[in-house]
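J.: I have a structure I would like to understand better, so I am pasting it below and will then ask my questions one at a time.
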Amino acid sequence: METAPAGGPHRPGDQHPFDGTPARGQDPGHGHGAGDGAGHGHGGDGGHGHGAGPGHGGGDAAEWAAWAELLDLDGEVFRAYLAGLTAWVRELAGDRPGGRIIDLGCGTGTGTFALARNFEGAEVIALDASADLLGRLTATARDLGLAGRVRALQADLDGAWPGLGAGSVDVAWASMSLHHLADPDAALARVLAVLRPGGLLAVAETDDPFVRFLPDDIGLGRRGLEERLHAELAAGTGAEMPELRADWDDRLKRAGFALVARRPFALRLTPPLPAAAGRFAQLWMERTRSRVADRLAGDDLAVLDALIGDGPDGVRHRDDLIVAANRTAWVAQRPGG
Ligand SMILES: C[S@@+](CC[C@H](N)C(=O)[O-])C[C@H]1O[C@@H](n2cnc3c(N)ncnc32)[C@H](O)[C@@H]1O
């Protein structure tokens with residue numbers, strides 16, 4: 001894996017409540033060597049409305065493993081969305097899809113691999129601050145037989161990006177990553193510079209980061225538990241991740257992009273759910289618990305524990321589980337070309 005020059009400061013405890021990644025933190029186990037080169041500007045988006053992030057104590061190896069698993073599960077549960085979205089971007093790229101794609105804040109690479117599948121023969125450079133996530137991405141690339149076309153590059157997207165020449169990129173992709181950055185405008189300016197004239201940027205974001213799994217009445221405790229959990233999570237969101245509800249239309253235009261399309265996605269999965277859904281819900285709720293346990297009423301906490309547990313009330317076994325999330329995708333173009 002390549003490594004970018006050192007970026008921002010490491011603060012392992014600075015995390016986002018529902019967005020997974022230990023923010024501006026240090027990858028566990030990577031010390032101050034190469035893996036420590038990029039300061040993360042994130043608190044996980046587990047985002048994509050991906051789940052609740054590691055606890056505020058921040059970023060031990062088990063938390064990173066759970067975060068990586070959550071990102072992979074998000075990609076698996078929402079596989080059809082990701083496949084459809086990347087196919088749409090490929091369609092918009094038309095008869096000049098090009099040979100180089102960058103995935104900004106790639107996580108474990110769910111977007112990277114969907115892009116590699118749709119852009120046949122293209123090289124996909126996957127950038128992230130986390131050496132742990134990039135390590136997992138590299139292993140998956142090998143398993144999928146894509147190692148020759150996927151390159152992991154450790155970089156702080158709030159700093160300089162190494163090795164990407166001006167105009168050298170055909171398509172840039174940023175899924176649920178831009179809102180983690182300290183300065184998304186500066187990052188968008190860098191994207192514009194590395195894209196060739198006519199090249200595309202696809203951005204996926206959400207103004208509603210929570211994934212929903214439960215009906216209002218789950219037959220346990222008081223109605224509306226999930227809403228109360230989300231209210232507790234949201235209480236810290238504005239301060240911790242101010243870019244989450246940014247106006248990306250405006251941002252893209254101000255950065256010099258021409259807006260090609262915007263498309264909202266209301267993701268609603270009902271039974272029969274993909275096999276990964278139960279574990280996805282369980283991990284989401286574990287992360288949520290780590291954020292809100294000390295503020296929850298005792299009866300709600302007991303129900304949450306039952307949902308997380310492997311007993312009959314647990315989300316892995318319930319037949320009333322759904323998976324619902326909202327995302328919006330923008331495709332923008334560098335003028336010219
Ligand atoms: C919510 S995850 C999204 C991952 C992936 N794009 C996906 O859709 O599954 C956000 C990602 O952005 C990365 N990230 C956050 N801040 C970053 C920064 N300043 N530089 C590089 N990567 C960053 C995180 O490490 C994490 O992998």
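Bear in mind that the values in this text are calculations on the coordinates, not laboratory data. All values derive from a computational prediction rather than experimental measurement. Note that each Cβ is placed from the backbone with ideal geometry, even for glycine, and that neighbours are counted across all protein chains shown.
J.: Quick one: 3J(HN,Hα) in Hz for the stretch 100-111, Karplus 6.51/-1.76/1.60 with θ = phi - 60°, rounded, Gly and Pro as x.
T.: The phi angles translate into 10, 10, 10, 10, 8, x, 6, x, 8, x, 4, x Hz.
J.: Determine the sum of side-chain charges near Ala281: Lys and Arg each +1, Asp and Glu each -1, restricted to other residues whose C-beta is under 12 angstrom from that of Ala281.
T.: +1
J.: So what's the net charge close to Ala87: Lys and Arg +1, Asp and Glu -1, counting the other residues with Cβ under 14 Å from its Cβ?
T.: Taking every other residue near Ala87 into account, the sum is +2.
J.: Along the stretch 262-270, what does the Karplus equation 6.51 cos²θ - 1.76 cosθ + 1.60 (θ = phi - 60°) give for ³J(HN,Hα), rounded to whole Hz, x for Gly and Pro?
T.: 10, 9, x, 10, 9, 8, 9, 10, 10
J.: Could I ask something else about it? For Ile125, what residues show an amide H to amide H distance below 5 Å, using hydrogens built from the backbone and excluding near sequence neighbours?
T.: Residues meeting the amide H criterion: Ile101, Ile102, Asp103, Arg151.
J.: Turning to a different aspect of this structure: Please list, in order along the stretch 81-92, the HN-Hα scalar couplings obtained from phi with the Karplus expression 6.51 cos²θ - 1.76 cosθ + 1.60 (θ = phi - 60°), rounded to whole Hz, x for Gly and Pro.
T.: Running phi through 6.51 cos²θ - 1.76 cosθ + 1.60 with θ = phi - 60° gives 4, 5, 5, x, 5, 5, 5, 5, 5, 4, 5, 5 Hz.
J.: Rounded, prolate or oblate for the stretch 188-243? Axes are the square roots of the Cα gyration tensor eigenvalues, ordered a ≥ b ≥ c, and the cut-off for rounded is a/c under 1.5.
T.: Since a/c reaches 1.5 but b/c is at least a/b, the shape of the stretch 188-243 is classed as oblate.
J.: By the scheme Lys and Arg +1, Asp and Glu -1, what is the net charge of all other residues having a beta-carbon under 15 Å from that of Asn118?
T.: Its environment carries a net charge of 0.
J.: Under 1.5 on a/c is rounded, so check that first for the stretch 58-145, then, if it is not, pick prolate when a/b is larger than b/c and oblate when it is not; a ≥ b ≥ c are the square roots of the alpha carbon gyration tensor eigenvalues.
T.: Verdict is prolate for the stretch 58-145.
J.: Can you classify the stretch 239-337 as rounded, prolate or oblate using the Cα gyration tensor, where a ≥ b ≥ c are the square roots of its eigenvalues, rounded means a/c under 1.5, and otherwise it's prolate if a/b beats b/c and oblate if not?
T.: Oblate is the answer for the stretch 239-337, as a/c is 1.5 or above yet b/c matches or exceeds a/b.
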